[in-house]
1. At 222 nm, what value in deg cm²/dmol follows for the chain if DSSP H runs of at least 4 each add -39500 (n - 2.57) and the sum is divided by all its residues, to the nearest 500?
2. What FRET efficiency do you get for GLN43 and GLN153 if R0 is 22 Å and r is their Cβ-Cβ distance, rounded to the nearest 0.05?
3. With a 10 Å Cβ neighbour count serving as the proxy for reagent exposure, in which order, fewest first, do THR93, THR163, THR121 appear?
4. Among VAL145, VAL218, GLY189, flag the residue with its Cα farthest along the positive direction of the charge dipole of the range 136-292, charges on Cβ as +1 for Lys/Arg and -1 for Asp/Glu.
5. Please give me the summed charge of the neighbours of ARG173: other residues whose Cβ is under 10 Å from its Cβ, Lys and Arg +1, Asp and Glu -1.
6. Here are several values of P(r) over Cα pairs in 20 Å bins from 0, in percent: (i) 26, 55, 18, 2, 0; (ii) 25, 54, 21, 1; (iii) 23, 38, 24, 14, 1. Which one was derived from the coordinates shown?
7. Quick one: plug the Kirkwood hydrodynamic radius of the range 51-133 (C-alpha pairs) into Stokes-Einstein at 10 °C, 1.306 mPa s, and report D in µm²/s.
8. When DSSP assigns beta bridges and you keep just the ones with both residues in the range 51-133, what percent turn out antiparallel, to the nearest 5?
Amino acid sequence: MALLPLQQALDHILSVVPAPPTTESLPIVDCLGRVVGKPVTNQRDVPPFDNSAMDGYALRAADLPGTLRVSQRIPAGAPAMELEPGTAARIFTGALIPPGADTVVIQEDVAEADLATDRVTFMQPATQGQHIRLRGSDVPAGASVFDAGRVLQPQDLALAASTGTPVIDVYQRLKVAILSTGDELVAPGETPADWQIYNSNSVQLASQVQALGCEPVVLDTPGDNPEEIRNALQQAAAIADCIVTSGGVSVGEEDHVRGQIEALGSIDIWKLAIKPGKPVAFGRVLDCPIFGLPGNPVSSWVTFGLVVKPWLLAAQGALVPRHRRIRYRAAFNRPKPGAREEYLRVSLTEDMGAGLAGDQGSGVLSSVGRADGLAIIPVGEVVKAGDEVDVILISEFLSPSAAG
């Protein structure tokens, strides 16, 4: 089977995404990472009244320059009287602008303040409307706060709270079964034999699934035994909306996952033209969608972000934006053209340089931890130090608000 370009694989994977789950109403404090199921509309102007953006004095711009009497004091959360002509009101950040005032002068711009006589002197004119936050200037009443499909982040929940929204209708969580295979794997905390390693894939896959607003279900690790793997896949299909496996989908004699997927269902995609991460399978097991990822931990991490994440977002009803690519100057050489699109772990500098973050082997997780981005080397291209390359920031690669 020929290697499939990533975009062609994604086009197919996203074309068979099921309808999103039903919605549920949750308090906004419980909505982090969840996907908006029904549009949210603002019921009240934000801000709800004209207010001061700074500590200072509310007045009429036409009265400046000059010396004005302070006729009232207005802290945040207090009512305000109409401003007497030819006077100023002492005002604080967030406080209501008194009727009749059209300007705020910050306290640092006051030439002189005589507290004994309640008089302040302003030597400079002021621009009408300065330092005033107008009613409805952030979100006017009746405006859309969120459309359906938005993955809610902390700043979104703050905005919802500012509009007085107590609950949001979000899509229900998808349940994702995580299954790492291999006789060599033991869980962290267990005592490994000399030939065994700790299972990092289940931890990182479950963490990424959880970050996307889904519910991970980590199953026990089956050994390299077809019957054990078959039983584990049957169990996963019975309890989950999607299965993600790691290991066992390549062509080795001990790679049994692919065969058991085909025995219980079908494989639509196998082998992608990317590095790391060539052996990637997508299909169905007992009518449950399944992604078979490589066993090498970096390959598993990269292919989850490139392939699984867009599907999980779309299956939850979320919009699937494309990763933003930023141009950096390579501080490395890649003299041999490759037959696969390559994703290199790079460290970024303030002067827009990108250097390799360490060993690029598919089993070297430490370079993932040191990396700030993934430099993309297209098929057939070579890179010399100083050439510009496209980079996806790690923060965007991991973010539920960017995928594809």
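Every number in this text was worked out from the coordinates using simple rules, so none of it is lab data. Everything numeric here is computed off the predicted structure, so don't read it as measured data. Neighbour counts run over all protein chains shown; Cβ positions are idealised from the backbone, glycine included.
1. After summing the helix terms and dividing by the residues of the chain, the value is -5000 deg cm²/dmol.
2. Numbers: r = 22 Å, r/R0 = 1.00.
So, using R0 = 22 Å, E works out to roughly 0.50.
3. With the fewest neighbours first, THR93, THR163, THR121 line up as THR121, THR93, THR163.
4. So the residue we want is VAL145.
5. Every neighbour counted, the sum reads -1.
6. Calculated P(r) over Cα pairs in 20 Å bins from 0, in percent: the matching label is (iii).
7. Diffusion coefficient, whole number: 132 µm²/s.
8. In the range 51-133, DSSP labels about 75 percent of beta bridges as antiparallel.
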